[in-house]
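The values are calculated or read from the model by the stated rules, or taken from the named source; none is laboratory data. Small disclaimer: the values here were computed from a predicted structure and weren't measured. With ideal geometry, Cβ positions are generated from the backbone for all residues, glycine too; neighbour counts draw on all protein chains shown. Heavy atoms of the whole protein, side chains included, go into the accessibility calculation; ligands, DNA and RNA do not. Shrake-Rupley method; radii C 1.70, N 1.55, O 1.52, S 1.80 Å.
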Amino acid sequence: MTARKLVGVRIEEVGYGHPDAQRLVAELQQEYVVRYGGPDGDLVEAAQFQAPNGAFLVGYREGRAVASGAWRTVDADGLRGAELKRMYVPPDARGHGLSRLMLAELEKRAAAAGHVRILLETGVHQPEAIALYRSAGYVPIPPYGHYGDDPSALFFTKTL
């Protein structure tokens, strides 16, 4: 496991099956149920988030898991790069820049793994995520992957 300290937050690379990762993913899935009526249907496998083809990160503040994010290598519909997945900050930890810190760390680690672009899918019912990605330099791209035909899905990329 590797760890990095950023502005009072320790970010650790953990396995997808790590208890803190699983708790945050479960909370994220519940948020999708509230916002979209069901959990994320894009199934992932733990192996997708293992080096050298991906990573799953958890951010800790004062010993508590307060952020998650992951990247995995994708080659979908002619797009190749690192794809962001499972970005999440619990409601009581929001508003402190944790998502921005996690996003920057994911970008850095994907670039260190040799990726020159990062892509993602988010949804119209996640205005906070859309604002974060746009403010971080992400630009819209054509649909791809599991949600490519979903009108509520939005797709973005950024050159690393």
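When only residues in segment 98-128 that are open to solvent by 20 Å² or more (accessible area, probe 1.4 Å) and of a type in the set (A, V, I, L, M) count, which is farthest from residue 75 (Cα to Cα)?
The initial filter retains those residues of segment 98-128 that are open to solvent by 20 Å² or more (accessible area, probe 1.4 Å), namely 99-101, 104, 107-109, 111-117, 121, 124-128.
Within this subset, residues satisfying the condition of being of a type in the set (A, V, I, L, M) are 101, 104, 111-113, 116, 124.
On the way: 101: 26, 104: 22, 111: 16, 112: 18, 113: 15, 116: 13, 124: 24 Å.
The residue in question is 101.
Cβ-Cβ distances below 7 Å connect the following pairs, each with a first residue in segment 96-119 that is over 8 Å from residue 160 (Cα atoms), a second residue that is of a type in the set (D, E, K, R) and open to solvent by 60 Å² or more (accessible area, probe 1.4 Å), and a separation of six or more residues or different chains: 105/4.
Test of understanding: among 155, 56, which residue is open to solvent by less than 40 Å² (accessible area, probe 1.4 Å), assigned to a strand (DSSP E or B) and touching a helix residue (DSSP H, G or I) at 6+ places or on another chain (Cβ under 8 Å)?
Working: 155 fails: touching a helix residue (DSSP H, G or I) at 6+ places or on another chain (Cβ under 8 Å).
The conditions single out 56.
Is it fair to say residue 94 is in contact with a helix residue (DSSP H, G or I) (Cβ under 7 Å, 6 or more places away or on another chain) and basic (Lys, Arg)? The answer is no for residue 94. Quick one: in segment 28-49, of everything that is surrounded by 15 or more Cβ atoms within 10 Å (Cβ to Cβ) and among the charged types (D, E, K, R), which residue is modelled with the lowest pLDDT? Among those that are surrounded by 15 or more Cβ atoms within 10 Å (Cβ to Cβ) and among the charged types (D, E, K, R), it is 40.
When the test is whether a residue is of a type in the set (A, V, I, L, M, F, W, C), more than 14 Å from the chain's Cα centre (by Cα) and not in a strand (DSSP E or B), residue 21 does not pass it.
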